[in-house]
DNA sequence: CTGTTAGCGCGTTCAG
DNA sequence: CTGAACGCGCTAACAG
């Protein structure tokens, strides 16, 4: 606040347009029927005065804050930043505003975050934070406003927008298999998120469909971060019969794989192919640019807002909306060295 | 809204504690003098009922929204994300909430962004967006609430938090000169931001102080993005007498330089040293990790909020707060090849 | 189709 | 030190 006291109020518009404040309200909100000329006069007056409705007063009266809570893990992580972007765009178009809640800001005090959302009387909440506990989910759900999660523990939430992790993993594997790889490793994610299991499942299914035996020692667990993945990939490369390709849990861990590969004097792509998951901006910046499974995150953010706004209007929303990923081929994948040698031999002998 | 109708209101607390709502209000806000026992009884009741004041009602009555507007260029850019993070932390501690405005979401409609901030009756605004026009600045300033800019066109704003760009550039140059470099190029930023000129000035001053002649052809202009910097660096490397080191406008352009160097079959560090500016997360991820001038961005975000909150309390704020950068040495810088050869010769002959 | 009126939930005088 | 009463700016019945 502390607005100049002369910020025009609805009352000022009404007086100047010689109508009641109710009429101004109707025109401003496009509700109710107002005669053409009257409506036009009011509209003109609003413009002249530069009238902007007071969101707080409006919210108080309408019992609707036009604010959506968006809970993420970390705004520094481009993965979340893109979701935020998409959500903001969609919300903005509807006149809504996004209230960001960063669980890493509220470390150990998830209740504080929920309290803020409650105090601000958000109309709905999107939980994109990936590692929400059941207790936390219950806390959010208890707000008694529509809640929707993005790529989360969907068992905790009534509505969700999810990427098809299995399909994504299969895309990655099929790409590698198509290039001729047979020994494909997987640096898996942290064991407490469903995403890990879904991507792992996709990995196994794709192998099975290609008639390649699953070898447990080719799957190692990371935490989805750089360091652990680097260590995991390092271990893989030390195997007697090392993999020719690695499917990483996500782009961050793929970059960890990059480091491990380089440390052993191997070349990414030529010696060991790497496929990531997510397609964060970084993926295009690293050297070589990373082949990865792209999640349409901005779109998911937009979709989540669209669904939530629909629910606010009383529309029924599907329990789950599954979004399909797509493969972005860049330079970190190539046919395996052995296959190339073999194909060279084949080519030579066929001459 | 759409809160369960049984969300406790101040009235409920008052009734149950057998006091008036005025007393509850006083206790809740720590204002006015309330007897110890009464205060305790009210407090206990608030806890029992899980009472949370209604931010909208409170804001309407108090003429204060406890909301701060934060205008950035792009939340996807980690540079801004960190400022946001710092600002959120500080605001949260004071019970304030940050309303994010992304100028790239509101492309060509800056007025829309300002309108949103006005409708929501933000108590103050921080403009961290780097390329604000005068018109835009006037628009924001006309909101008649305290405004403060971070690393912006400070000529347009009454208060600002700024990084010392000249000092930062000097840090970079002194580091390179200390390593033995003499031919140091600069990929400069877009010509319409003051930052460009300040960093360029620091570059020239450092050279002068080291007794190295300034060569105009060693300074080329980029736009602060990957592509243009890559082209700019490419041109530098094509010179008859190419530089042994490049001081890039920012980390993104440094990564563009990486690409240009690699394209020519040269090694970063060993053949051409590169220093960036900003220290975005990416800087530590690229290969080799980038030596760069770090801006304490989270701290600047926090500082901005602190200053703004002070202004809201009526305290006088300094027109400018200048923050010092520091050099983060990583692996993209090394002594120049010629210097190494020379030092080897020197070592050999001295034996 | 338009105006009147009663709140929305809370802060804040002003009396007591 | 405490309570009653008013108003913040707007929406939403309800009358006309």
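Considering only residues in region B:53-87 that are surrounded by fewer than 19 Cβ atoms within 10 Å (Cβ to Cβ) and within 12 Å of DNA strand C (Cβ to nearest atom), the one that is nearest to residue B:280 (Cα to Cα) turns out to be B:64. Residue A:146 meets all of the listed conditions (1) crowded, with 20+ Cβ neighbours inside 10 Å; (2) at pLDDT below 95; (3) out of contact with any helix residue (DSSP H, G or I) (no Cβ under 7 Å at 6 or more places or on another chain) but one, namely (3).
Considering only region B:38-46, I want to know if a residue exists there that is within 11 Å of DNA strand C (Cβ to nearest atom), touching a helix residue (DSSP H, G or I) at 6+ places or on another chain (Cβ under 7 Å) and more than 30 Å from residue B:292 (Cβ to Cβ). Looking for residues that are within 11 Å of DNA strand C (Cβ to nearest atom), touching a helix residue (DSSP H, G or I) at 6+ places or on another chain (Cβ under 7 Å) and more than 30 Å from residue B:292 (Cβ to Cβ), one finds at least one in region B:38-46, hence yes.
Without any contact (Cβ under 8 Å) to a residue 60 or more places away in the chain, farther than 19 Å from residue B:86 by Cβ and touching a strand residue (DSSP E or B) at 6+ places or on another chain (Cβ under 8 Å): is that true of residue B:166 in this structure? For residue B:166, the condition - without any contact (Cβ under 8 Å) to a residue 60 or more places away in the chain, farther than 19 Å from residue B:86 by Cβ and touching a strand residue (DSSP E or B) at 6+ places or on another chain (Cβ under 8 Å) - is not met.
Apart from one condition, residue A:110 fits all of (1) closer than 16 Å to residue A:305 by Cβ; (2) surrounded by fewer than 23 Cβ atoms within 10 Å (Cβ to Cβ); (3) in contact with a helix residue (DSSP H, G or I) (Cβ under 8 Å, 6 or more places away or on another chain); the exception is (1).
Okay, residues lined up against (1) in contact with a helix residue (DSSP H, G or I) (Cβ under 7 Å, 6 or more places away or on another chain); (2) crowded, with 17+ Cβ neighbours inside 10 Å:
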| position | (1), (2) |
| --- | --- |
| A:173 | yes, yes |
| A:186 | yes, yes |
| A:198 | yes, yes |
| A:203 | yes, yes |
| A:214 | yes, no |
| A:217 | no, no |
| A:227 | yes, no |
| A:232 | no, yes |
| A:237 | yes, yes |
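Being modelled with pLDDT of 90 or more and within 19 Å of residue A:85 (Cβ to Cβ) is a description that does not apply to residue A:117.
Just a yes or no: is a residue in region B:37-50 within 13 Å of DNA strand D (Cβ to nearest atom), crowded, with 19+ Cβ neighbours inside 10 Å and either within 21 Å of residue A:122 (Cβ to Cβ) or modelled with pLDDT under 95 (or both)? Yes: one or more hits.
Quick grid of which residues meet (1) more than 10 Å from chain A (Cβ to nearest Cβ); (2) over 15 Å from the mean Cα position of the chain (by Cα); (3) over 19 Å from residue A:71 (Cα atoms):
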| site | (1), (2), (3) |
| --- | --- |
| B:29 | yes, yes, yes |
| B:36 | yes, yes, yes |
| B:39 | yes, yes, yes |
| B:48 | yes, yes, yes |
| B:59 | no, yes, yes |
| B:64 | no, yes, yes |
| B:75 | no, no, no |
| B:89 | no, no, no |
| B:95 | no, yes, no |
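Selection of region A:318-335 for residues being buried (at least 16 other Cβ atoms within 10 Å of the Cβ) and more than 30 Å from residue A:289 (Cα to Cα) yields only A:321. Which of the residues belonging to region B:260-282 are buried (at least 19 other Cβ atoms within 10 Å of the Cβ), within 11 Å of chain A (Cβ to nearest Cβ) and part of a helix (DSSP H, G or I)? Within region B:260-282, B:261, B:282 meet the criteria.
Taking region B:3-27 as the search range and keeping residues that are within 13 Å of chain A (Cβ to nearest Cβ) and away from DNA strand D (no atom under 13 Å from the Cβ), which one is surrounded by the fewest Cβ atoms within 10 Å (Cβ to Cβ)? Step by step, filter region B:3-27, then rank; the result is B:5. Scanning region B:102-119 for residues that are out of contact with any strand residue (DSSP E or B) (no Cβ under 9 Å at 6 or more places or on another chain), over 18 Å from residue A:56 (Cβ atoms) and at the interface with chain A (Cβ under 7 Å from one of its Cβ atoms) yields one hit, B:105. When region B:292-305 is filtered for residues that are touching a helix residue (DSSP H, G or I) at 6+ places or on another chain (Cβ under 7 Å) and crowded, with 18+ Cβ neighbours inside 10 Å, the ones remaining, listed by number, are B:292, B:293, B:297, B:298, B:300, B:301, B:302, B:304, B:305.
The values are calculated or read from the model by the stated rules, or taken from the named source; none is laboratory data. Worth saying up front: this structure is predicted, and the values here are computed from it rather than measured. Please note: Cβ atoms are built from the backbone with ideal geometry, for glycine as well, and neighbour counts cover all protein chains shown.
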